[in-house]
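Presented below is the structure to which this report refers.
Any read-out appearing in this document is the output of simple, stated calculations on the displayed coordinates, not a laboratory observation. Because the structure is predicted, anything quoted here is derived from the model rather than measured. Using ideal geometry, Cβ is built from the backbone for each residue, glycine included, and neighbour counts are taken over all protein chains shown.
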Amino acid sequence: MIIVYAESIDGNFKKSTLEAVSYAADVAKLTNTGCVAVSIGDIDDSKLNELGKYGADKIVAVKSDALKQFVAEAYAKALANVATSNNASVVVISNTYSGKSIASRVAAKLGAGVVSGVISLPDTSSGFKVRKTVFSGKAFADVDLTTPTKVLAITPNTFNISEQPKAGEVSTHDGGLTGADFISTPIEVSRVTGKIPLTEAELVVSAGRGMKGPENWGMIEELADVLGAATACSKPVSDMHWRPHSEHVGQTGITIKPNLYIAIGISGAIQHLAGVSSSKVIVAINKDAEAPFFKAADYGIVGDAFDVLPRILEAAKKLKAAN
Ligand SMILES: Cc1cc2nc3c(=O)[nH]c(=O)nc-3n(C[C@H](O)[C@H](O)[C@H](O)COP(=O)(O)OP(=O)(O)OC[C@H]3O[C@@H](n4cnc5c(N)ncnc54)[C@H](O)[C@@H]3O)c2cc1C
């Protein structure tokens with residue numbers, strides 16, 4: 001059986017979850033077995049059936065008051081227990097922040113081999129091989145998993161969400177948890193609200209040190225707002241507290257794969273590109289024609305951001321008004 005972790009936030013399944021369920025359903029097809037989606041925490045019964053639309057034969061809900069907040073140790077144990085009850089051959093987890101923190105734990109509990117950053121469906125023609133990115137996205141590694149149970153942490157924004165309706169029969173599981181599994185307790189969770197989450201965004205407007213200071217981010221936010229995009233930044237920008245760390249993309253920040261990444265006043269250092277180079281279309285705006293970003297970009301504008309941005313903003317507003 002293929003088990004997939006169905007991560008939710010504020011009572012809704014994330015886009016990355018729908019990708020993971022679609023991926024797991026494809027793995028199930030490939031290996032002639034079924035697909036079970038496991039939801040942990042607080043989610044409405046009416047939402048659970050939705051996962052059938054993306055290929056889940058069954059949906060197992062693990063609910064309890066103690067699981068309303070994400071606790072890595074407890075979530076990992078519950079997922080591993082449901083996997084064991086369902087005789088899992090593969091456990092699929094999206095490589096999100098919380099996915100990353102449970103994938104290895106689940107693998108350890110199941111005695112499973114684990115691959116994180118998976119970007120391909122398994123090749124089962126000889127063994128069980130999956131491809132992952134290595135060296136900050138500069139190369140690929142094909143990994144053969146030889147354990148009876150395998151854990152695959154797939155890269156978000158890599159696989160399509162596909163509708164492949166299945167029964168989606170819902171049942172519950174107690175998760176097999178005890179008080180001892182809650183060795184850490186979140187005291188408070190503060191979330192950015194009213195903004196498009198960076199990891200889910202199809203369009204991203206990102207800026208770097210070329211913007212000179214935090215007082216100039218109004219233009220960046222306005223452009224993001226008009227385009228319906230999320231905002232991101234380079235590492236120095238978040239290090240200097242011009243922008244929150246949650247916007248830092250790159251090797252030491254978040255990895256994103258939007259359809260469009262607009263980089264403004266960012267040099268394009270290898271460590272930055274590591275987090276954004278898989279974007280479908282990259283536009284770089286930089287006043288230095290020799291900036292490395294132009295080598296990675298599909299479109300480049302050589303010019304001063306303070307001159308170029310207002311003009312792009314005006315054009316974007318006109319386009320929006322016309323549609
Ligand atoms: C181990 C390690 C990990 C790292 N991880 C990351 C990471 O995850 N993410 C990351 O971003 N960096 C990371 N870095 C830092 C990285 O090497 C670069 O220093 C950083 O990306 C540079 O940020 P920047 O492009 O905003 O600034 P700068 O290098 O200062 O570049 C600013 C750019 O803006 C242009 N510019 C200036 N004024 C204007 C203007 N008016 N209009 C248009 N363009 C203008 C300049 O020509 C220049 O290209 C890491 C470094 C190390 C060593």
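Rounded to the nearest 5, what is the percent of antiparallel bridges among the DSSP beta bridges in the chain?
Details: 10 of 56 bridges.
The answer is about 20 percent antiparallel.
Counted by Cβ distance under 13 Å from Ala74, the other residues give a net charge of +1, where Lys and Arg count +1 and Asp and Glu count -1.
What percent do you get for the relative contact order of the chain when only Cα pairs under 8 Å and 6+ apart count? Please report the intermediate quantities before stating the final value.
Numbers: 702 pairs, mean separation 46.9, N = 323.
The value is 15 percent.
When each of the peptides 222-235, 43-56 is scored by how many other beta carbons lie within 10 Å of its residues on average, the order from highest to lowest is 222-235, 43-56. The coefficient of translational diffusion for region 198-322, derived via Stokes-Einstein from the alpha carbon Kirkwood radius under 25 °C and 0.890 mPa s, stands at 175 µm²/s. Amide H to amide H, with H built 1.01 Å from N, Ala207 comes under 5 Å of Ala232, Cys233, Ser234, Ile264, counting only residues 5 or more places away or on other chains. Taking every alpha-carbon pair within region 121-213, the share separated by more than 15 Å comes to 82 percent. Straight-line cross-link reach from Lys235 at under 13 Å between alpha-carbon atoms covers these aspartates and glutamates, not counting any fewer than eight positions away in the same chain: Glu247. In straight Cα distance, which aspartates and glutamates are under 20 Å from Lys77, not counting same-chain residues fewer than 8 positions off? Hits, sequence-local ones excluded: Glu7, Asp42, Asp65, Asp174, Asp181. When each of Ile266, Ile187, Ile9 is scored by the number of other beta-carbon atoms lying within 10 Å, the sequence from fewest to most is Ile187, Ile9, Ile266. Counting only DSSP H runs of at least 4 residues, each contributing -39500 (n - 2.57), and dividing by the residue count of the chain, the helix-based mean residue ellipticity at 222 nm comes to -8500 deg cm²/dmol. Exceedance of the 26 Å cut-off in Cα-Cα distance is limited, within the set Lys138/Lys257; Lys150/Lys280; Lys195/Lys280, to Lys150/Lys280.
Averaging the sequence gap over all C-alpha pairs within less than 8 Å and six or more residues apart, then dividing by the number of residues, gives region 2-181 a relative contact order of 29 percent. Would any residue of region 223-249 have its amide N under 18 Å from a label point 7 Å out along Cα→Cβ of Ala321? List them or say none. Residues passing the 18 Å test: 223-228. Relative contact order, whole percent, for region 198-322 stands at 24, derived from Cα pairs under 8 Å and 6 or more residues apart. Of all DSSP bridge pairs formed entirely within region 2-181, close to 30 percent run antiparallel.
If one computes P(r) from the Cα atoms of region 2-181, what percent of pairs lie at distances over 30 Å? Can you show the working numbers first?
Values: 1671 of 16110 pairs.
Summing the P(r) tail past 30 Å for region 2-181 gives 10 percent.
Kirkwood radius, the chain, all distinct C-alpha pairs, inverse of mean reciprocal distance: 20.9 Å.
Counted by neighbouring Cβ atoms within 10 Å, the residues Arg243, Arg131 run from fewest to most as Arg131, Arg243.
Rounded to the nearest 10 degrees, the inclination of helix 97-110 to the longest alpha-carbon principal axis of the chain is 30 degrees. Each of His245, His173 was scored by other Cβ atoms within 10 Å of its Cβ. Listed from fewest to most, they are His245, His173.
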